[in-house]
Each structure stands twice: as C-alpha cells, then as structure tokens.
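The values are calculated or read from the model by the stated rules, or taken from the named source; none is laboratory data. Keep in mind that this is a model prediction, so the values were computed, not measured. Don't worry about glycine lacking a Cβ; one is built from the backbone with ideal geometry, like all the others, and counts go over all protein chains shown. For accessibility, only protein heavy atoms count, side chains too; no ligands or nucleic acids. Shrake-Rupley method; radii C 1.70, N 1.55, O 1.52, S 1.80 Å.
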Amino acid sequence: MVARRRKRAVRESDSGVPTLPGYSAIPIKFSEKQQSSHYLYVREHKVREGTKSPWPPKRTLFVLNVPPYCTEECLLRLLSPCGPIQSVELQEKPELAESPKEPPSKFFHPKPVPGFQVAYVLFQKPGSVSAALALKGPLLVSTESHPVRSGVLKWIRDYTDSVPDPEALRVEVDAFMETYDRKIAEEEAKAKEEEGVPDEEGWVKVTRRGRRPVLPRTEAASLRVLERERRKRARKELLNFYAWQHRETKMEHIAQLRKKFEEDKQRIELMRAQRKFRPY
C-alpha cells in the first residue's frame with residue numbers, strides 16, 4: 001500500500017516531467033552521453049513549531065531522490081551557482097529532530113547507504129534557496145574538469161582510501177582519546193559536585209560514589225575463600241550423574257510408592273475389620 005501511494009504521489013506534468021506535490025524537480029545527468037535525466041526533488045526545509053532542528057529553515061534546502069553516484073562534493077558543485085554553501089550532508093532518511101552527532105572521521109567511515117539518499121544543503125544566504133528552487137537543468141554530475149569515477153575505477157579508489165596512514169591514524173586516535181578522557185573527567189567532577197546536594201524539591205541523589213569503597217582482597221583471604229568453596233563442593237554428593245543411575249532412582253521411587261500403597265490398603269482393610277474406619 002505504501003509503494004502504491006508513493007507511485008500515485010509522483011505524477012507527470014504536461015511537459016512529461018515527474019512532479020511531486022510541494023517539491024520542485026531538478027533534472028540531472030551523470031554525463032553528456034546519458035540521454036534520459038534523473039530528477040532531484042527539492043524544497044525549503046521546514047519543521048513544526050517547537051521542534052528543534054540543526055538546519056536553519058530559511059537557509060536549508062531539502063533534497064530527495066539523491067542517486068548513489070551523487071556525493072556531497074557533487075551536490076556542492078551542482079548547487080554552488082545558486083550561492084555560497086556552508087555545508088552539505090547526505091543521510092539515509094530525513095532527520096525529524098535534533099540529535100547529538102560525533103565529528104566526522106577521515107578513517108572510520110559509516111556504512112555506505114546502498115540506495116538513494118536525502119540531502120540537507122545549508123546556504124549562507126536565504127536567497128540561495130529560492131535560486132535553487134528555480135533551477136531548470138539538466139545538470140551534469142560528471143564533467144571533464146570534475147570527473148566522477150564509477151565501476152572498477154571507483155572500487156579501486158575506495159580500496160585505496162580504505163588503507164589509512166598509520167601515523168595519521170595514530171594522531172586521530174590520540175585526539176579522540178583525549179576528548180573522551182576530558183569528557184569523562186568533566187562528568188566525574190560534575191557528579192562529585194552534585195553528590196549530597198539536595199535539588200529544588202529537597203531530594204538527594206544517591207550515587208555509587210557515596211558508598212564505602214570495597215577493600216581489595218588479599219592473597220590469604222582469596223585462598224581461604226577457595227578452600228571454603230572446595231570443602232563445600234566435597235560435601236555435596238554427585239547424584240544421578242549417569243542415565244542408568246537416574247533410571248534406577250526412578251524405579252526405586254516407584255517401587256516405594258507401590259509398597260506404601262499396598263501397606264495403606266492393608267491398613268484400611270484392618271480398620272474396616274475392626275469397624276474403626278471413618279471416612280467422613
């Protein structure tokens with residue numbers, strides 16, 4: 001049902017261009033040899049009132065149907081004639097709310113999205129969004145001055161880029177660890193300041209830091225604990241370890257139940273003979 005609704009939402013205009021309600025269509029081609037055009041659907045980025053978004057609404061262009069071969073550098077080059085661009089970011093799906101993000105890394109890349117993506121293009125001036133909505137095209141993704149590699153050449157480049165320089169990688173890892181250690185130290189200092197201090201309602205936050213620290217166990221204490229555990233295990237009998245032992249135990253239990261049943265029958269018969277049986 002969802003796929004059918006999407007197909008119905010995309011309609012063709014009088015000129016044969018597929019249109020999407022609320023969006024403007026920008027035709028693009030991979031190269032001059034390509035005859036048919038691919039369409040990007042763009043509109044001004046808008047959010048509901050009260051919703052926080054990292055993208056300013058009046059300066060951000062929201063782009064749908066971005067093909068896999070169109071990278072952030074390609075979008076930056078295609079839309080730069082509309083005005084200076086501050087940043088371009090590709091995502092798998094639209095971002096509904098503001099979420100914390102880690103700084104991008106040159107070595108640890110996220111898993112690439114296999115299909116089409118969405119993009120957020122942040123311009124420096126609000127007028128650039130209107131200029132982007134008025135683009136006619138078709139725009140060329142791969143040109144002689146800016147070729148876009150595909151096929152085997154792209155695979156070779158991706159493999160070459162996946163082998164990092166050890167020294168540059170060490171520098172980035174050290175910088176990441178310094179940032180992480182600084183963050184942990186700030187959190188510990190903040191928790192220490194808030195320890196034992198009541199909040200506005202008079203509640204005191206109890207943390208593990210306020211508890212008495214556990215003393216380290218000495219070697220003699222560890223040996224005593226091990227010896228105690230060994231004696232405890234020695235006192236226990238290993239019952240029904242084998243299957244035949246388990247069967248014999250069950251048979252003995254059934255035999256005892258039958259013997260008790262026969263004894264109870266004889267006792268009832270004896271009580272009946274002595275007229276001392278009172279079932280109620």
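Close amide-amide hydrogen proximity is noted between ARG149 and no other residue 5 or more places distant or on a separate chain, at a cut-off under 5 Å (H modeled in the peptide plane; Pro and chain starts excluded). Label-to-label distance, SER87 versus HIS146, with points set 7 angstrom from Cα along the beta-carbon direction: 2.0 nm.
Pulled fully out, how much extra length does the chain show between GLU49 and LEU257, if you take 0.36 nm times their separation in residues and subtract their Cα-Cα distance?
Numbers: separation 208, 0.36 × 208 = 74.88 nm, distance 7.68 nm.
Taking GLU49 through LEU257 to full extension adds about 67.2 nm, to one decimal.
Gain on full extension, evaluated as 0.36 nm per residue between ILE268 and GLU195 minus their Cα-Cα distance, stands at 18.9 nm. Rounded to whole numbers, the Karplus 3J(HN,Hα) couplings from phi for the stretch 151-162 are x, 5, 5, 5, 5, 5, 5, 5, 5, 5, 5, 6 Hz, using 6.51 cos²θ - 1.76 cosθ + 1.60 with θ = phi - 60°, and x at Gly and Pro. Over the stretch 17-94, accessible surface divided per residue gives 56 Å², non-protein components excluded, 1.4 Å probe. When the residues GLU195, GLU89 are ordered by accessible surface, computed with a 1.4 Å probe over the protein chains alone, the sequence from largest down reads GLU195, GLU89. Using the Cβ-Cβ distance between GLU187 and ASP165 with R0 set to 51 Å, the FRET efficiency from 1/(1 + (r/R0)^6) comes to roughly 0.95.
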